[in-house]
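Peer 1: Attaching a single structure in C-alpha cells format; questions to follow.
The values are calculated or read from the model by the stated rules, or taken from the named source; none is laboratory data. This is a predicted model, so every value here is computed, not measured. Cβ placement follows ideal geometry from the backbone for every residue including glycine, while neighbour counts extend to all protein chains displayed. Just the protein is used for accessible areas: all its heavy atoms, side chains included, with ligands, DNA and RNA removed. Shrake-Rupley method; radii C 1.70, N 1.55, O 1.52, S 1.80 Å.
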Amino acid sequence: QLQLALEVIEHHLGSTLLAVHLYGSAMDGGLKPQSDIDLLVTVAGRLDETVRKALSLDLLHVSAPPGQSEKLRSLEVTVVVHDEIAPWCYPPRRELQFGEWLREEIAAGIIAPEAIDIDLAILLTKARRRSIALVGPPAEAFFDPVPESDFIAALADSLKLWNAPPDWEGDAPNVALTLARIWYSAATGGIAPKDVAAEWAIPRLPVDLQSVLLEARQVYLGKGVDRLASRTDHMAAFVHYVKCEAAKLLKKRAGN
C-alpha cells in the first residue's frame, strides 16, 4: 500500500516533491486495527487546483475506510510547502489534507483549500522524533525543531475543538483517545500512542469516568464495540474533566 501511495504522490507532484515521511502509529508502537497510515509530504511550492484535485481523487483508490478492506488501510496524507514551515513559525500552514473522513467530499470533487493547521506543530514534532524518509532526507535534518512553547500552544489550541456533543458525534472513541494523548503530553512533555496514553490516563480519572477511556481503548485495539454514542452524559463529563486537567498543566508549562 505504501508503494501504491508513493506512486500516486510521485506521479502527481513530480519534480516539486521534496520529501515523504512515514510517521505515526506505524513507527510508534505499531499499527492497531483502526490505525491510519500517516504520511507527511513536503513540496517545493504551492499546488494548483488541478493537481490538488487529481492527487486527492487518486489517493481514494489506495486508501479504504477502517475495516472495509482486507488489503488497504486508511491513509492520512498531509502535504506542506517547505518554505511555509521552514523557517518555522506558529501557527503553521498546511497545503493539502487527505483522510478517510473527507472521502465523500473528495469523491464529489470538493477539495478543502490550504489552511492554518495548528496540528502541524504536533505532527512535525512526532516526525522529527520517529519517522522513516521514504523520499528525501531524514525528518530531523529536514525540518526545523518546533519550540516547546509552540508545541504547548498547539496542545492548548486543540483543546478548544471539543465543547459539546456535536463536536464528537460519530467519533467519540477517537476524541476520547486524542484527549488522553493531549493530557499525557501536557503532563510529561512526551508523545505517546493512543493506547499507551489511555493506559496512563485511566488511573488518573475519577472512577465513574474510567469506563469511557477503557471502552475507547478497546475499540482502538479492535477488542470492543463503540457504545459511547449512547453514553452522552458520561462522554461529556469525561471531555470536561480531561480538558480542565490538561489545560491546568499546559498553563503551568507555559508559565515555566
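Peer 1: Would you compute, for the Cα atoms of the chain, the largest minus smallest coordinate along each principal axis and list the three values in descending order, in whole Å?
Peer 2: The Cα atoms of the chain stretch 55, 44, 29 Å along the principal axes, largest first.
Peer 1: Next question. In a GNM of the chain with a 10 Å cut-off on Cα contacts, which of P145, P66, P206 has the highest mean-square fluctuation?
Peer 2: Per the Cα network of the chain with a 10 Å cutoff, P206 tops the list.
Peer 1: Of the chain, which part is the longest with no GluC sites (Glu not before Pro) in a loop (DSSP not H, G, I, E, B) and with at most 13 other C-beta atoms within 10 angstrom?
Peer 2: 71-168
Peer 1: Just check region 74-181 against the gyration tensor rule for me: Cα atoms, a ≥ b ≥ c as the square roots of the eigenvalues, rounded for a/c under 1.5, and otherwise prolate or oblate depending on whether a/b exceeds b/c.
Peer 2: Oblate is the answer for region 74-181, as a/c is 1.5 or above yet b/c matches or exceeds a/b.
Peer 1: Rounded to the nearest 10 degrees, what's the angle between the helix 172-188 long axis and the longest principal axis of the chain, both from Cα atoms, 0 to 90?
Peer 2: Long axis of 172-188 versus the principal axis of the chain: about 80 degrees.
Peer 1: Follow-up. When the accessible area of the chain is computed with all protein chains present and a 1.4 Å probe, what percentage of it is carbon and sulfur?
Peer 2: 52 percent
Peer 1: Enter the accessible area per residue of region 156-208 (Å², integer; probe 1.4 Å; all protein chains in place).
Peer 2: 43 Å²
Peer 1: Here's a follow-up. Which residue, V80, V62, V41, has the most motion in a Gaussian network model of the chain that connects Cα atoms within less than 10 Å?
Peer 2: Looking only at V80, V62, V41, the largest GNM fluctuation is found for V62.
Peer 1: Continuing with the same structure: Measure nothing but the geometry: give the 0 to 90° angle between the long axis through the Cα atoms of 232-255 and the longest principal axis through the Cα atoms of the chain, rounded to 10°.
Peer 2: Helix 232-255 and the main axis of the chain meet at about 70 degrees.
Peer 1: Counting only heavy atoms of the protein chains, get the accessible area per residue of region 73-129 (1.4 Å probe) and round it to a whole Å² value.
Peer 2: Per residue, region 73-129 has an accessible area of 43 Å².
Peer 1: Then there is this: Trypsin sites (Lys or Arg not before Pro) within region 66-118: which are DSSP loop residues with at most 10 other Cβ atoms inside 10 Å?
Peer 2: K71
Peer 1: What's the angle, to the nearest 10 degrees (0 to 90), between helix 2-13's Cα axis and the longest principal axis of the chain?
Peer 2: Once rounded, one gets 50 degrees.
Peer 1: Along each principal axis of its Cα atoms, how long is region 1-105 end to end? Whole angstroms, biggest number first, please.
Peer 2: Computed over region 1-105, the largest-to-smallest principal extents equal 39, 31, 24 Å.
Peer 1: Can you bin region 156-256 into rounded, prolate or oblate? Criterion: square roots of the alpha carbon gyration tensor eigenvalues sorted a ≥ b ≥ c, rounded for a/c under 1.5, prolate for a/b above b/c, oblate for the rest.
Peer 2: Because a/c hits 1.5 or more and a/b exceeds b/c, region 156-256 counts as prolate.
Peer 1: A further question follows. Just T178, T125, T50 to compare: in a GNM of the chain, with alpha carbon springs under 10 Å, which one fluctuates most?
Peer 2: Evaluated over the chain, the most mobile residue of the options is T50.
Peer 1: Still on this structure: First measure r as the distance between the Cβ atoms of A229 and R204, then evaluate 1/(1 + (r/R0)^6) with R0 = 22 Å and state the FRET efficiency to the nearest 0.05.
Peer 2: Working from the Cβ atoms, E equals 0.35.
Peer 1: Also, quick follow-up: Hey, rough spin-label estimate for S211 and N163, points 7 angstrom out along Cα→Cβ, what's it come to in nanometres?
Peer 2: For the pair S211/N163, the computed spacing is 3.0 nm.
Peer 1: Let me ask something else. Output wanted: per-residue J couplings in Hz (rounded whole) for region 127-139, from phi through Karplus 6.51 cos²θ - 1.76 cosθ + 1.60, θ = phi - 60°, x for Gly and Pro.
Peer 2: Rounded to whole hertz, the list is 5, 5, 7, 7, 6, 10, 7, 7, 9, x, x, x, 4.
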